[in-house]
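Reading through the structure tokens given below for one structure.
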Amino acid sequence: MSTKKELKELNVIDVVKDIALRLGVNYKEENNEICMDIPEESGTGHIKAISFSHGVGIMDVDITLKKDVRFVLNQSLVQPLEIVFNREKTLLHEFDGQDKQTEIKHLESAIFSCNSKYGNVLTLKANEPMCFFNLEINRKLFEEKIESFLPEMNEDLEGLFRDVNGINLFFHKGHYSLDIAKCIDAINDTEDEGFTKSVFIEGKCYEILAHHLRQYLDDASPSDKRTILRQSTVVKIEEAANILNKNLEETPDIITLAKKVGLNQNTLQNGFQSLFGLSVKEFSQDKKMEKARKLMETTTLNITEITYRIGINSRSYFSKLFKERYAMSPKQYMQKLASSNSSNTEIK
């Protein structure tokens, strides 16, 4: 049976205090930041939160619980806008009082807001690592900061931010972008302290919000027209790169490679350009040249043998690619290695 935690306060600092009180544990609070550790009898991990001006706050959750827990964000006069970025196992979201549960899977984000009738509920499953980053915006307090920009916004976004009292239910999810993932990592990895840390993290929060609003608009486009690289797509592109690395002798064509990782060809090509600055073909050629150079340095294979070992049938084509990569022909490079080895032997 799951445990139910009702979190009545809007401020993320107060939420962590409430959780700590219910679990009977201490917390550390300094300036606008708070952190607590999950007690051993309940699980492992930590929850930390930071609040900023204009109703903006973040909560970073990295825990494993021994029981299912339903966090109920109770209704209030002002309903905050929640943006959750899931970095681990699946979270479950529902509006309290409705039967429908929605999964927020690994590398997915969800933006949602409840109303006075139906509160937000997040269910965390027992014995599974739960790691998510939550950006919370109190729209009533945020209104002053964003008011002059609202008329320029997409109609749906304008309506979302103008709903300062949380009259309407809202839920939207998608895979979050690589840029957002980098911002979250930068927040968690920062070594700054005090005021410098606070300013740095607040800046990253607004950067995350900007990226997410762009992504919301990008999500409205057909999948083959989207321009923002999602973190989930990055995982598949890295998988494709590993396949190429492990199969240099028999490199799969782009159609086969795209099918293996579950992407269309355009997304795969665009992803390689974004991550590596190379097309799929150029990436494969680059790795072949790296392997060829390593074989020259560590084996006694001749140029023809190396050519076939890296999956190229033409020695002249191999020489052309190698010279483009290293500014000398394979023969010149091997002569350079032989000369260097000879000099080292004489010194000894």
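The values are calculated or read from the model by the stated rules, or taken from the named source; none is laboratory data. If you're wondering where the values come from, they're calculated on a predicted model, not measured in any experiment. A quick note on method: Cβ atoms are made from the backbone with ideal geometry, for glycine too, and the neighbour counts reach across all protein chains shown. Just the protein is used for accessible areas: all its heavy atoms, side chains included, with ligands, DNA and RNA removed. Shrake-Rupley method; radii C 1.70, N 1.55, O 1.52, S 1.80 Å.
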message = What are the equivalent ellipsoid semi-axes of the chain, built from the alpha-carbon gyration tensor (square roots of five times its eigenvalues), in whole angstrom, biggest first?
response = 50, 24, 20
message = Rg/Rh for the range 11-90 to two decimals, with Rh computed the Kirkwood way over all alpha-carbon pairs.
response = 0.95
message = Checking the table Lys17/Lys125; Lys67/Lys105; Lys204/Lys236; Lys291/Lys331; Lys294/Lys331; Lys105/Lys287 against a 24 Å threshold on Cα-Cα, which pairs fail?
response = Lys204/Lys236; Lys105/Lys287
query = Percent relative contact order of the chain, based on C-alpha pairs within less than 8 angstrom and at least six residues apart?
reply = 11
message = Just to be sure I understand the curve: with the Debye formula and one point per C-alpha of the range 92-187, what is log10 I(q)/I(0) at q = 0.21, 0.22, 0.25 Å⁻¹?
response = -1.27, -1.31, -1.37
query = Hey, how much of the P(r) for the range 252-303 falls beyond 14 Å, as a percent of Cα pairs?
reply = 60
ask   = Is there a pair in Lys117/Lys140; Lys100/Lys145; Lys281/Lys323; Lys173/Lys197 whose C-alpha atoms are over 24 Å apart, and which pairs would that be?
value = Lys100/Lys145; Lys173/Lys197
Amide H partners (placed H, <5 Å) of Glu88, local residues excluded = Leu107, Cys131
key: Per residue Cα convex hull volume in Å³ - calculated over the range 167-236   = 111
ask   = Stokes-Einstein at 25 °C, 0.890 mPa s, Kirkwood radius from Cα pairs: D for the range 239-348 in µm² s⁻¹?
value = 161
inquiry  = Taking all protein chains in place and a 1.4 Å probe, what share, in percent, of the accessible surface of the chain do carbon and sulfur account for?
reply    = 47
key: Selected from Val199, Leu91, Tyr317, residue furthest toward positive end of dipole (the chain; charges at beta carbon)   = Tyr317
ask   = Once you wrap a convex hull around the alpha carbon atoms of the range 31-169, what is its projected area averaged over all directions, in nm²?
value = 9.0
request  = Using a 1.4 angstrom probe, figure out how much accessible area the chain has per residue, in square angstrom, rounded to the nearest whole.
outcome  = 53
inquiry  = With the cut-off at 1.5 for a/c, could you classify the range 237-282 from its C-alpha gyration tensor as rounded, prolate or oblate?
reply    = oblate
task = Normalise the Debye intensity by I(0) for the range 213-252, one equal point scatterer per Cα, no solvent, then take log10 at q = 0.13, 0.22 Å⁻¹ and round to two decimals.
result = -0.41, -0.72
